[in-house]
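Okay, so here's the structure we're looking at.
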Amino acid sequence: MAETLELARQLIARPSITPDDQGCQDLLEAELKAAGFHCRTLREQMYPTFNLLALYSGEEGANLVGDPEQIKNQHGPYDPSGLVVPGPITLLLGHTDVVAPGEVSAWSSDPFVPTERDGLLYGRGAADMKGSDAAMTIALKRFVTAHPQFKGTVGLLVTSNEEGDAVGAIPYVAEWLKKERVYPNYCVVGEPSCTSELGDTIKIGRRGSMTAHITIHGKQGHVAYPDKIDNAAHKAGRLIAALCEHQFNDATADFPETSFNVTNVNAGIGAENVAPGSAEIMCNWRFNPNQTPLKLQHLLERQLEQLRIYATVRYVINGLPFISSRDGILVSALRQAIVDKTGRAADAIDLNTAGGTSDGRFIAPLGAEVVEFGPCNGTIHQVNECVKVQDLDTLTDIYEQVLAAIHLA
Ligand SMILES: [Zn+2]
């Protein structure tokens, strides 16, 4: 049963600080290729991001290779390569990149030397999420080896740019899947979802996220002549106050109330006697399905109008909210697997949508039922990140049982 641990250790030993993959995906590819998976690396030209898509179909007539020689019409519509990927399609989704280790001397052991102490495996990425990458890979390998014939297609999708800006990463792969007309039905994101024990939490959806970059225009001038200036910092203050006061009161059974936060404020030239002529505000909304980016944009525009503030605004929609049904096929299969493999009672598994966004938000719009389930997240992005060694095996068993429940039924 040490297979997952061994693979996790090999991954941690590669310092794949986002988006530099450092050969992590080669390790996963080698494992899956040996089990008969068709593997391809998807890369957007010019970007250092790597994405590995490994597929295996248990059905005859599948064509997971397509026609790679086919000449793509670069200027006309995309020409699909002729893949035949029988459904249902289940993708296990992960990332091989990690955040920088920070102060290395603060770690008890080298962040890129996997180290076991007291039943815990230490190293950057142990929990977020090389432990899950290893568990997903071994689960897929075991499943297709035990059942070469099964209904539909299973696969692994990993990117080397989840912790960074996602350029050339899962959004790019999602576009490619659309063009190839490959629509996953189920997607398990192996992000660390649990809090204190493996199995305590499944994320069944995520809030949306939108950022606004606001530039407020005023008139710069000497503070001694207030009638000749239009202080942009004062306007920024009024706008921030108004936006913070707004009550959304829009919580749902699955989602908390929409929240707003100012993340950056900049104004002034550093002088004591000059009132700023412009001010920059960066702010972010985490919103539930009762809101849309357009509704939030209208809200901001209305405030600007009421306060008679002249501003230019650039919006970045970081992700739309999504939710998977509490009794959907994937959620049910995952719950049962957790009960069977951890002994936890079904009603002690919390299904929620809390926390930050994940790459699941790019797969959900393809029509997939998406859940996030992985190890405990108490140490992620921190010094001395670690995962319970025992949990790596249990996680592998859970993923494997989910694949069986969907594809052998
Ligand atoms: Zn992660």
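The values are calculated or read from the model by the stated rules, or taken from the named source; none is laboratory data. Since the model is a prediction, treat every value here as computed from it, not as a measurement. Don't worry about glycine lacking a Cβ; one is built from the backbone with ideal geometry, like all the others, and counts go over all protein chains shown. We work out accessible area using only protein heavy atoms, side chains counted, and drop any ligands, DNA or RNA first. Shrake-Rupley method; radii C 1.70, N 1.55, O 1.52, S 1.80 Å.
A few points about this structure:
- Checklist (1) in contact with a Leu (Cβ under 7 Å, 6 or more places away or on another chain); (2) away from the ligand (no atom under 15 Å from the Cβ); (3) not β-branched (Val, Ile, Thr) applied to residue 190, failing item: (2)
- Enumeration of residues in region 258-272 that are of a type outside the set (A, V, I, L, M, F, W, C) and open to solvent by 70 Å² or more (accessible area, probe 1.4 Å): 261, 263, 266, 270, 272
- Enumeration of residues in region 227-236 that are surrounded by 15 or more Cβ atoms within 10 Å (Cβ to Cβ) and either of a type in the set (Lys, Arg) or under 30 Å from residue 257 (Cα atoms) (or both): 233, 234, 235, 236
- Of all the numbered requirements in (1) of a type outside the set (Lys, Arg); (2) under 19 Å from the mean Cα position of the chain (by Cα); (3) surrounded by 23 or more Cβ atoms within 10 Å (Cβ to Cβ); (4) more than 16 Å from the ligand (Cβ to nearest atom), residue 338 misses one, and that requirement is (2).
- The set of residues in region 175-217 that are in a helix (DSSP H, G or I) and either open to solvent by 10 Å² or more (accessible area, probe 1.4 Å) or among the basic types (Lys, Arg) (or both) comprises 175, 176, 178, 179.
- Conditions (1) within 15 Å of the ligand (Cβ to nearest atom); (2) open to solvent by less than 10 Å² (accessible area, probe 1.4 Å); number of the one not met by residue 137: (1)
- All positions within region 297-317 that are part of a loop (DSSP other than H, G, I, E, B) and open to solvent by less than 40 Å² (accessible area, probe 1.4 Å): 309
- Subset of region 163-187 [within 9 Å of residue 366 (Cα to Cα) and of a type in the set (Gly, Ala, Ser)]: 174
- Filtered residue count, region 116-134, keeping only those that are more than 12 Å from the ligand (Cβ to nearest atom) and buried (at least 19 other Cβ atoms within 10 Å of the Cβ): 4
- Extreme residue, farthest from the chain's Cα centre (by Cα), among residues of region 57-92 that are at pLDDT 85 or above and among the hydroxyl-bearing types (Ser, Thr, Tyr): 81
- Total residues in region 152-174, condition within 16 Å of the ligand (Cβ to nearest atom) and in a loop (DSSP other than H, G, I, E, B): 8
- Those residues of region 151-170 which are open to solvent by 10 Å² or more (accessible area, probe 1.4 Å) and over 30 Å from residue 60 (Cα atoms), in sequence order: 162, 163, 164, 165, 166, 167
- Residue selected from region 140-150 under the condition out of contact with any Ser or Thr (no Cβ under 9 Å at 6 or more places or on another chain) and open to solvent by 10 Å² or more (accessible area, probe 1.4 Å), by the criterion nearest to the ligand (Cβ to nearest atom): 141
- Matching residues in region 136-183 - criterion: being of a type outside the set (A, V, I, L, M, F, W, C) and within 21 Å of residue 396 (Cα to Cα): 137, 141, 142, 145, 147, 148, 149, 151, 152, 153, 155, 159
- Taken over region 318-332, residues that are in contact with a Leu (Cβ under 9 Å, 6 or more places away or on another chain) and not hydroxyl-bearing (Ser, Thr, Tyr) amount to 2.
- In region 273-296, residue surrounded by the fewest Cβ atoms within 10 Å (Cβ to Cβ) [restricted to those that are among the hydrophobic types (A, V, I, L, M, F, W, C) and in a strand (DSSP E or B)]: 274
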